Every structure is written in C-alpha cells, then in structure tokens.
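As structure tokens, the structure follows; a few thoughts come after it.
Only the coordinates and a few stated rules stand behind these numbers; no lab work does. Because the structure is a prediction, the values reported are computed rather than measured. Because the Cβ atoms are built from the backbone with ideal geometry, glycine has one as well, and the counts that use them run over all protein chains shown.
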Amino acid sequence: MHATELHPAPTANGHAPGHHAPGHHTPGHQAPGHHVAAPAARRPRESVLPLDTLEGPPEATTPGAAAPGQRPRFTLATLARDAPAGVVTGLMALPLTVGICRMSEYPIQVGIATVIAACLVSFACYLVRPGNHVGVPGVAAGLAPVLALGVHEFGPERMPWLIFLTAALQALVWRWRLEGYILKAVPGFLIEGLLAGVGLKIALKFLPETWAVVTPGPTFWTGQRALVLALSVGSMVAFLWLYRRFKDTSPGVPYIAVIGGSAWVATQVEVPMLRLEPHAFRLAWPVPDLAAIPLAEHGRMLLFAAMLALIDVIEQVMSNAAIEKLDPLGRKADSNASLLVMWVGNALSSLFGGMTNLDGLAKSQTNRMAGAVTKMSTLFVAAVLGLALAFPQLLERLPELSLAVLMIFTGWKMIAGLFHVAEHGRYELVIALFCGALVFRLGIFEGLLLCLALHTFIVWVVYRHERVPALEILRRFLLLFSDRVHPHATPTLAVGEDAASGGPRYSSVVRPVTEGKDLGAFLDDWADGVRRRNLLSVASCYDARGLLWGTFAKELRTGHAQIKGYFEHLFELDHLDVAFDSGETRRYGDVYVRSGAYRFSFRRKGAAVTVPARYSFVCKREATGWYILEHHSSEFPA
C-alpha cells in the first residue's frame with residue numbers, strides 16, 4: 001500500500017483471531033504500533049456438502065437457518081442431518097477423549113462425563129444465545145499437560161476447586177467482553193508456539209506405546225515388540241492416507257477406521273489393551289476449606305487458574321473464528337456467547353471433578369462434514385459418549401497402539417501450526433519456535449511469560465532505535481486496547497488525525513520485503529505467496545488500483561478487494577502450485593513489463609491437472625518497493 005494513497009479501495013477490516021494479535025510489531029516487516037491481519041482460513045469447497053438445490057439465499061432454503069438474532073429452528077429435516085452427524089462425531093471424539101484423559105492423568109470416565117456435560121450445556125445455551133452453530137465441545141488436547149501439571153502440583157483433590165476458579169475467571173472475561181483485549185495482548189504466533197510445545201509433549205508421551213508389549217521380557221527387541229511396532233506403523237500409514245483422502249469430505253472416517261481396524265486386529269494378535277480403573281462419581285461443592293490452605297498456596301492456585309483460563313479463552317476464540325468459516329449456511333459466530341458455554345460447562349464440571357472444555361476444531365469439522373446444521377447434533381454426540389460411559393467394558397476393547405497413533409497425529413497437528421506462522425515472517429517463526437522449546441522444557445506458564453517478556457523487549461528496542469520517545473511508546477501500547485477504529489482503516493493503512501488540519505491522515509503500515517530486490521526476485525515472491533496460499537502476501541504485491549485479469553477469471557478485477565477475492569477462490573484448489581517457464585523484460589523509465597509463460601498445477605478429485613498459461617506483468621519500482629500495476633494471464637489455446 002502506498003503511503004501517498006489517500007482513497008484505498010474498500011476492504012474488510014475485521015480481524016479474525018489467528019496467528020497475529022493486533023498491534024504487535026514484527027521487526028523488519030511492520031511499522032511499530034500497527035499490525036497485519038492473518039489471512040483468513042480457507043473455506044471448504046461448497047461442492048463437498050450440497051446444501052439445497054432450490055434457488056435463493058441459504059437462509060431461506062436450508063433447514064435450520066435463522067436470521068441473525070433469531071432463535072434456531074429445529075425440524076425433522078434438521079434432525080435427519082444432525083442425528084447421523086452427531087453419531088459420527090461421537091465415534092470420532094471418543095478415542096480422542098480417552099487419549100487426552102490419559103495425557104491429563106484424569107480418570108477416563110471423568111473426561112467422558114465432562115464432554116457429555118459440555119454438550120448438554122452447549123445445546124441449552126444455543127437455544128437462548130447461539131455462539132456457533134456446528135461446533136462440538138470437548139476436552140482440549142492443548143490443555144492436557146496443564147491439567148497434568150495441576151494434578152501433580154496441587155493433587156487431584158484440589159483440581160475441582162481449580163476448575164471452579166478457572167470458570168469464575170472466564171465468567172469475568174465473558175461478562176466484561178475481555179476476550180478481544182486478551183487477543184490483542186498475546187500475539188497469535190506465541191500461542192502457536194505454545195501449542196507446538198504442547199504437541200511435542202503429547203507426541204513423545206504416546207510414542208513408547210507404539211512398541212509396548214503385554215509382557216516385557218529381559219530382551220527389549222523381540223518378535224512380539226516388532227509385531228506391535230509394525231502394526232502401529234501400518235495404522236499410522238493407513239490413518240494418514242485416509243485423512244488425506246477424506247479430510248475435506250468425511251474427516252471422521254480415518255479415526256473410526258483405525259479404531260475399528262485395530263480392535264479387530266486385537267482379536268487376532270495379543271497387544272496391550274486399554275484398561276479402565278473403577279471410578280465412583282460424587283457430586284460435591286468444589287470450594288475447599290479455604291482457611292486450611294496457606295496464603296502462598298492460594299496465590300499459586302490463582303495463578304494456575306488464570307493461566308488455564310487464559311489459554312482456554314484464546315483457544316476458544318480462535319476455534320470460533322475457524323468454526324464460523326465451516327458453517328454450511330455462512331452464519332456468523334459470537335465468541336462471547338461461546339465463552340458463556342465454556343464457563344458454565346466448566347462450573348458444572350467442577351461439581352463432579354471434571355476437566356475444562358472448549359469447542360474442538362477437529363470434532364467441529366467432522367460434525368460439519370457429516371451434515372450437521374444445528375447444535376442438535378451435540379445431543380447425539382453426548383448419547384454416543386453416554387453409551388461408552390454406561391458400558392465401560394466397550395472401551396477395554398481398544399488397543400493402546402491405536403490411541404497412541406491418534407494422539408501422535410494430534411500432537412503433530414499442533415506442531416504443524418508453525419507452518420502457518422512461517423507465512424508471516426522469520427521473526428514470528430523464530431519467536432514461536434523459541435516459545436515452543438521453552439514450553440516443552442520449562443512448562444506452559446513459564447514458557448509463555450518468558451516469550452512475552454522477550455517479545456516486549458524486542459519491540460521496545462526497535463521503537464527506541466527509531467527514536468520513538470518512551471511516552472509515545474506507552475501511548476501506542478495503550479492504543480492497542482482502544483476500540484476506536486477509523487472506518488477507512490485497513491490492515492495495511494493507518495488512519496489518524498492530522499494535528500494541523502484536524503482531518504484524517506493516512507499512512508502506510510507496511511515496509512515491503514520487496515525493497516531492494518530486482519523484478520525477478522519480486523515475481524518469485526509473488527509465486528511463493530501463491531504456493532503458500534498467503535493471501536496477504538499476494539494481494540500486497542499489487543498496486544492499490546492494480547488491474548488483474550486472472551487465468552481462470554471471467555472478469556477484470558480492480559483494486560485490492562477484488563484481487564483478493566480472485567485469489568481466495570484460486571486458493572481453494574488442492575496442491576496449488578505455479579512455476580515460471582520463460583519471460584522477457586522491457587523497461588520504460590521506472591515501469592517494467594515482463595511477459596512470458598508459466599504453469600499452474602493442482603489436483604482435482606485426486607488427479608493432477610496442469611494449466612500452461614501466458615502472462616504479462618506491468619510493474620513499477622518505487623522507493624518503498626515493487627508493485628504490480630497490471631497483470632494479465634490466460635491459458636494457451638488448446
């Protein structure tokens with residue numbers, strides 16, 4: 001975006017919670033005090049789940065749709081879709097819940113009961129104030145090591161009180177709508193680093209179970225151990241293949257297939273099986289004898305509950321933003337209403353010694369792809385888990401190796417979030433990696449605090465290097481928590497008040513990484529952004545009034561908003577890639593014209609597709625970097 005551009009094309013100004021917290025400066029990429037919003041998550045292709053063949057808006061033609069602010073409608077048509085979706089999601093959620101309970105060192109029955117209670121609370125709150133429409137609550141893998149730490153530090157008898165304290169703090173966040181300020185205070189890339197550290201802990205925790213045997217002998221490597229390891233590797237390979245095949249259509253299939261297949265193998269081969277210890281549920285008020293607890297212990301428990309509440313809130317808000325994009329009817333999500341479900345569910349959970357809950361993205365995606373349109377599906381999720389709770393002997397038919405495979409994959413998915421961080425720059429990636437290492441080595445609370453302190457120090461040093469006064473740094477920091485946003489502001493354009501005239505003052509908030517590069521390197525950056533589906537990176541290559549006639553477009557696009565719309569659709573293609581084959585450059589002053597050939601490649605229904613095309617880039621080099629003024633692309637004639 002040019003610093004001299006006074007009337008930018010209208011663009012969306014919402015900030016979806018994600019990998020960047022608003023206002024956090026990235027050295028080398030952004031001006032202090034401003035932010036670049038993370039690219040929106042890719043919406044699943046509508047062809048995956050046809051909603052209706054009737055014409056008109058989805059709200060008018062699809063069962064269960066309701067206008068914003070109205071209560072959801074339940075019909076036989078919604079029941080026909082929500083019931084099977086809930087059953088499928090429940091079957092997928094069951095082994096994940098078991099694995100998370102083992103990681104958290106909680107009784108498995110308690111974890112299952114937590115999910116059942118959370119599903120019931122979620123449906124009840126949905127009748128009054130919907131948070132999202134297809135999300136499914138459950139115990140969170142990211143909080144498993146935190147809960148395990150609480151069990152070790154304070155003992156299982158104090159955990160109900162800690163969960164109750166967590167619910168009380170979350171209620172304050174909900175009541176005063178503090179979730180937005182929390183997201184502004186904690187950068188999203190630090191959260192991704194935190195989750196990566198937790199994911200590594202989970203993966204390493206369950207890794208030994210992939211070669212465990214029923215009766216270990218004096219010799220480690222035996223034929224029995226080799227067989228269990230081979231079965232584990234085969235299960236992982238099958239899971240990954242099925243996940244890749246069905247992740248966009250039926251994501252519950254790989255989970256159910258691996259659990260069902262390994263349960264059958266266990267009837268033919270001796271492998272370690274899941275064992276449940278008896279557990280007696282008891283309803284009790286969670287508040288202990290406070291006078292008997294030392295004051296220092298109260299402080300430690302309050303800090304622990306605050307950490308638990310903080311991570312829980314951030315994960316819920318981030319999940320809610322992603323679940324909104326999963327909604328088959330395009331309905332808006334209300335993160336504050338989802339926090340209501342969270343704290344009420346946690347408060348209820350504390351009465352029977354349960355765990356914390358939030359809407360899990362994997363379960364919610366399975367629910368949506370299985371056909372759910374309302375929260376009625378959560379009742380059927382609760383029914384499936386209730387069956388397992390009523391007949392615990394069913395769970396003892398699960399081989400430990402299958403649970404280990406699923407939990408190792410869960411840990412890897414949490415680590416893989418670092419790939420998204422890498423799209424935003426080296427600084428974010430380095431800090432996120434450092435945060436993950438500290439979390440893995442020291443713990444979640446210590447790792448996050450140390451990285452927050454380091455990030456704050458780096459931002460302070462960058463400000464001081466640019467000779468920004470200390471009071472101005474403080475003012476900019478406080479401005480991060482202001483809700484006042486100028487209607488003309490965009491992720492790359494700051495709008496303030498001119499001191500002399502009192503009118504609006506526009507300024508760029510981006511320092512392009514293209515500065516100092518030649519045209520070839522600049523176009524390589526454009527191609528790299530396409531490969532990585534980095535919408536912000538690609539769109540920022542174009543001039544504010546740039547023109548694009550895309551390879552697959554039927555109309556000319558003008559300005560950032562329309563150009564971003566074209567690439568949003570382009571990025572829906574699987575395994576998208578672009579490679580330059582040839583090119584010639586002509587220079588006219590500070591304007592360069594590059595024409596040649598390139599190839600787009602992607603996969604359609606599993607088959608590789610290559611589209612050779614010709615291009616013309618008209619680019620201009622300015623003091624702030626390169627910009628594409630016009631871009632024409634078309635397929636070669638058949």
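Computed from backbone phi, the HN-Hα couplings of the range 320-332 come to 4, 5, 6, 5, 4, 6, 7, 4, x, 9, x, 6, 6 Hz, rounded to whole numbers (Karplus: 6.51 cos²θ - 1.76 cosθ + 1.60, θ = phi - 60°; Gly and Pro given as x).
What the Cβ-Cβ distance of Arg175 and Leu302 gives, at R0 = 22 Å and to the nearest 0.05, is a FRET efficiency of 0.75.
Subtracting the Cα-Cα distance of Val269 and Lys325 from their residue separation scaled by 0.36 nm leaves 15.8 nm.
Full extension of the chain between Gln393 and Tyr588 yields a length gain of 62.4 nm, computed as 0.36 nm times the residue separation minus the alpha carbon distance. Distance between the C-alpha centres of the range 140-158 and the range 319-384: 22 Å, rounded to the whole angstrom. Once the Cβ-Cβ distance of Lys332 and Ala230 is raised to the sixth power relative to R0 = 41 Å, the FRET efficiency obtained is 0.25. Once the Cα-Cα distance is subtracted from the 0.36 nm per residue extended length, the Ser595 to Arg129 segment shows a gain of 162.3 nm.
Give me the net charge for the shell around Val198: Cβ to Cβ below 12 angstrom, other residues only, Lys and Arg +1, Asp and Glu -1. That works out to +1. When you count the other C-beta atoms within 10 angstrom of each residue and take the mean per peptide, 595-602, 424-431, 221-228 line up highest first as 424-431, 595-602, 221-228. If a/c stays under 1.5 just call it rounded; otherwise compare a/b with b/c (prolate if a/b is bigger, oblate if not). Do that for the range 228-358, with a ≥ b ≥ c from the square roots of the Cα gyration tensor eigenvalues. Oblate shape, in that a/c is at least 1.5 and b/c is the bigger or equal ratio. Computed over neighbours whose Cβ is under 12 Å from that of Ala85, the net charge equals +3, Lys and Arg +1, Asp and Glu -1.
With Cβ to Cβ distances under 11 Å as the rule, what net charge do the other residues near Arg102 carry (K, R +1; D, E -1)? Computed value for this residue: -1. Calculated FRET efficiency, Leu442 to Glu635, Cβ-Cβ distance, R0 = 56 Å: about 0.55 to the nearest 0.05.
Legend: distances between Cα atoms for Lys247/Lys564; Lys325/Lys564; Lys517/Lys554; Lys184/Lys363; Lys184/Lys413; pairs beyond 23 Å are Lys247/Lys564; Lys517/Lys554; Lys184/Lys363; Lys184/Lys413. Projected label points at Leu79 and Trp241, each 7 Å from Cα along the beta carbon direction, are separated by 4.1 nanometres.
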